[in-house]
Amino acid sequence: MKTLEYIKLTLAAAFMGLTVTACMDDDWNDPTGDIPPYGNNELQETNVVTIAELKDMYSHALQSETDTAKITEDIQIKARVTGNDVGGNIYNQIAVDDGTGGILICINRGGLWGYLPVGQEILVSLKDLYIGTYGNQPQIGTPYTSNSGYTSPSRMNHTLWLEHVKLIGTADPSTVEPIEFDMSKLNDDEYMEENCGRLMTVKGVTLPQANGTRTFAPEHEATSGNAVNRSVNGSTRLVVRTSTYADFAGTAMPEGQLDITGIFTRYRDTWQILMRQDTDFKVSE
């Protein structure tokens, strides 16, 4: 199965390269490369709201696990990419933040990091997209109803996404700094609601299951979603969640005190740290 997945990813990357070349055909009159080859360059900034305001506007859809609302207002958000699929641990999603809060955007395409690297500022037209939660984690996409009847915003078609996004300038990773996670607020529901979906760092913590050889996400320990949860400081409220397809899935969990960075998402009442690549964890100084 791993070999098949590798072949799929290789073909997807090759296709993406062809797509970039095709898109660049529209750019022959712009030899400076100032016109991004991806997205809707005709979008103009109008009716921009903050992510915090967006969540407040659609609070009725974010306070339930089953509500998903269509965005009918002609509004936009302007934010920077804080997380993508570069390390294989975030799948078909990007995380964005505008300083007032973070949110996930679901897109049915691999290799998003190629044109949506960390630090890339984007303008997103929200009208006719959907907002809601998956496990109480706010996200934007198009509705998907599971066999159990649960509806959540899921992966939108990539063509639809390109109609709704505009890339602004070039990516500047230096503009993206993680927020330090406050361990004293681990059980604070308001703190979770305000910060889920944001890039954060928790400092001086341990992974009790680390023994020098045990890895982050071996296949035989995977649960739903082909991922493995590792408790942080022995807590059931805070875990490192790693996909078995992540580049660092087979890396041995380090022992001792660590600083761990990632997109802090939630699944109901549990914080889930989604590390983006293997540089997101290090031994504490």
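The values are calculated or read from the model by the stated rules, or taken from the named source; none is laboratory data. The structure displayed is predicted, hence computed values, not measured ones. Note that we place each Cβ from the backbone using ideal geometry, even for glycine, and neighbour counts take in every protein chain shown. These area figures cover heavy atoms from the full protein model, side chains too; ligands, DNA and RNA do not enter into them. Shrake-Rupley method; radii C 1.70, N 1.55, O 1.52, S 1.80 Å.
As a quick test, which of the pairs Lys55/Lys166; Lys55/Lys203; Lys185/Lys282; Lys203/Lys282 have an alpha carbon distance above 19 angstrom in this structure?
Details: Lys55/Lys166 21 Å; Lys55/Lys203 28 Å; Lys185/Lys282 23 Å; Lys203/Lys282 10 Å.
Exceeds cut-off: Lys55/Lys166; Lys55/Lys203; Lys185/Lys282.
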- Task: Take the Cα gyration tensor of the stretch 132-285, multiply each eigenvalue by 5, square-root it, and list the three semi-axes largest first, rounded to whole angstrom.
- Result: 27, 20, 17
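Would you mind telling me the share, in percent, of accessible area of the chain contributed by carbon and sulfur at probe 1.4 angstrom?
Numbers: 6890 of 14000 Å².
Within the chain, the accessible surface is 49 percent carbon and sulfur.
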- Between the alpha-carbon centers of the stretch 228-285 and the stretch 39-93, tell me the distance in whole angstrom. 25
- Query: Whole-Hz Karplus ³J(HN,Hα) for the stretch 230-244, in order, using 6.51 cos²θ - 1.76 cosθ + 1.60 and θ = phi - 60°, x for Gly and Pro?
  - Reply: 10, 4, 9, 6, x, 7, 8, 8, 10, 9, 8, 10, 10, 6, 5
- Would you mind getting me the FRET efficiency between Glu163 and Thr236? Use the beta-carbon distance for r and R0 = 45 Å, nearest 0.05. 0.60
- Message: Given a 1.4 angstrom probe, what's the average accessible area per residue across the stretch 113-243, in square angstrom?
- Response: 46
- Task: Take each of the peptides 71-83, 189-201, 211-223, average the number of other beta-carbon atoms within 10 Å over its residues, and list them starting from the highest.
- Result: 71-83, 189-201, 211-223
- Task: Please give the residues of the stretch 59-91, grouped as numeric ranges, whose backbone N is less than 13 Å from a label point set 7 Å along the Cα-to-Cβ vector of Glu45.
- Result: 76-80
- Item | Computed FRET value (nearest 0.05) for Lys203 with Asp128, which takes r as the C-beta separation and R₀ as 45 Å | 0.65
- Report the paramagnetic label zone for Asn187: residues of the stretch 213-240 whose backbone N is under 13 Å from a point 7 Å from Cα along the Cα-to-Cβ axis. 235-238
- In degrees, nearest 10, the alpha-carbon axis of helix 2-24 is tilted away from the dominant principal axis of the alpha carbons of the chain by 30
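For n ≥ 4 DSSP H runs only, could you compute -39500 (n - 2.57) per run for the chain, divide by its residues and tell me the 222 nm figure to the nearest 500?
Values: 5 runs with 48 residues, N = 285.
Calculated from helices alone, the mean residue ellipticity at 222 nm is -5000 deg cm²/dmol.
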- Item | Cα-centred dipole magnitude for the chain, charges only on beta-carbon of K, R (+1) and D, E (-1), debye, nearest 20 | 980
- Thinking of the chain as a set of Cα atoms, what percent of all their pairs are more than 24 Å apart? 51
